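The values are calculated or read from the model by the stated rules, or taken from the named source; none is laboratory data. Here the structure is a predicted model, which is why all the values come from computation and not from measurement. Cβ placement follows ideal geometry from the backbone for every residue including glycine, while neighbour counts extend to all protein chains displayed.
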């Protein structure tokens with residue numbers, strides 16, 4: 001297919017690693033500054049002047065016939081600006097790159113079904129629209145119309161056809177959407193979440209389709225810097241709580257496992273937003289799992305404390321490692337989890353990066 005040919009000609013993985021591994025002058029990209037007011041629907045779309053951007057949808061599903069519960073899914077699109085190619089006037093110039101990851105976590109299968117794609121932007125085939133969420137990478141897509149997102153992914157082992165309806169307004173992270181990643185405010189992103197999305201649709205695995213329903217979470221984040229020099233990676237949780245509230249906490253982690261920076265937000269079922277004090281946020285790793293493929297060890301159970309509340313976070317299944325070194329250059333664990341404890345019960349996703357290799361951007 002044309003997309004596959006273009007990807008091979010471009011050698012996207014090598015180009016991405018080159019783009020992200022050499023940190024250019026910040027003046028080359030649009031800045032991230034405190035005080036900007038996020039506007040919707042405009043800011044749901046692409047921000048091509050910034051260096052990197054992602055739309056990240058995760059959730060938990062059950063089949064409508066009740067035969068299968070506790071399926072996790074994720075669909076993520078990454079956009080990267082490649083300044084070095086912008087002087088090339090060709091429409092095939094790789095000045096903007098798009099990457100996509102998708103996965104299904106099925107405890108009955110004992111492993112993750114996952115796929116990834118990458119290509120340069122090309123009108124009609126590979127696009128990240130401005131002004132509203134309109135992402136397309138060949139026959140993979142994530143688009144918003146009205147209050148609904150539609151996600152479409154088709155791969156050899158599985159397919160997702162999902163509609164995700166907003167039930168709450170966007171939840172701005174950090175200081176009204178300005179989310180710091182380090183003590184130095186230059187390391188920051190614009191960041192909002194859409195929790196408690198109501199999901200309906202169809203999941204196909206090994207040629208067998210099933211109607212599903214559930215709850216999902218969307219993160220949209222864009223930046224021109226991300227990882228401070230002292231950080232190796234991060235631990236992040238986004239969780240839809242059973243009472244209708246929402247929780248996001250993360251920490252930037254040093255090479256020796258210490259916390260370099262932490263932040264979090266909780267929104268009550270009634271809509272009250274609470275910024276969680278950084279000093280209250282603790283990730284205490286518990287049981288670990290060692291990948292038989294890469295040899296990397298990840299904490300698949302942990303205790304998380306934030307804002308005077310405490311949760312036990314446990315993986316739906318241990319093997320949810322994603323090896324994306326062939327596309328975005330990263331190796332990480334990203335999986336469906338359950339939360340329980342005095343802080344309440346809920347379902348969400350845990351992302352663990354930098355445990356094997358430092359995140360390259």
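Of note:
- Total residues in the stretch 141-183, condition part of a strand (DSSP E or B) and over 18 Å from residue 77 (Cβ atoms): 7
- Looking across the stretch 54-108, the residues that are within 29 Å of residue 190 (Cβ to Cβ) and not in a strand (DSSP E or B) come down to 82, 83, 84, 85, 86, 87, 88, 91, 93, 94, 95.
- The stretch 235-259: number of residues that are under 14 Å from the mean Cα position of the chain (by Cα) and either more than 18 Å from residue 279 (Cα to Cα) or at pLDDT below 95 (or both): 2
- Residue 221 being in contact (Cβ under 8 Å) with a residue 24 or more places away in the chain and over 19 Å from residue 105 (Cα atoms): yes
- For the stretch 303-321, filtered to residues that are surrounded by fewer than 23 Cβ atoms within 10 Å (Cβ to Cβ) and under 20 Å from the mean Cα position of the chain (by Cα), the residue that is farthest from residue 103 (Cα to Cα) is 314.
- Within the stretch 276-302, tally of residues that are in contact with a strand residue (DSSP E or B) (Cβ under 9 Å, 6 or more places away or on another chain) and exposed (fewer than 14 other Cβ atoms within 10 Å of the Cβ): 8
- Selection within the stretch 95-126: residues that are closer than 18 Å to residue 57 by Cα and either without any contact (Cβ under 8 Å) to a residue 60 or more places away in the chain or touching a helix residue (DSSP H, G or I) at 6+ places or on another chain (Cβ under 6 Å) (or both). The member of this set that is surrounded by the fewest Cβ atoms within 10 Å (Cβ to Cβ) is 115.
- Qualifying residue in the stretch 186-200 (condition: out of contact with any strand residue (DSSP E or B) (no Cβ under 6 Å at 6 or more places or on another chain) and either under 29 Å from residue 266 (Cα atoms) or surrounded by 19 or more Cβ atoms within 10 Å (Cβ to Cβ) (or both)): yes
- Single condition residue 21 does not satisfy, out of (1) in contact with a strand residue (DSSP E or B) (Cβ under 8 Å, 6 or more places away or on another chain); (2) closer than 23 Å to residue 236 by Cβ; (3) at pLDDT below 95: (1)
- Here the strands (runs of 3 or more DSSP E) wholly within the stretch 212-317 that include at least 3 residues being farther than 30 Å from residue 44 by Cα are 282-285, 288-290, 297-299, 301-306, 309-315.
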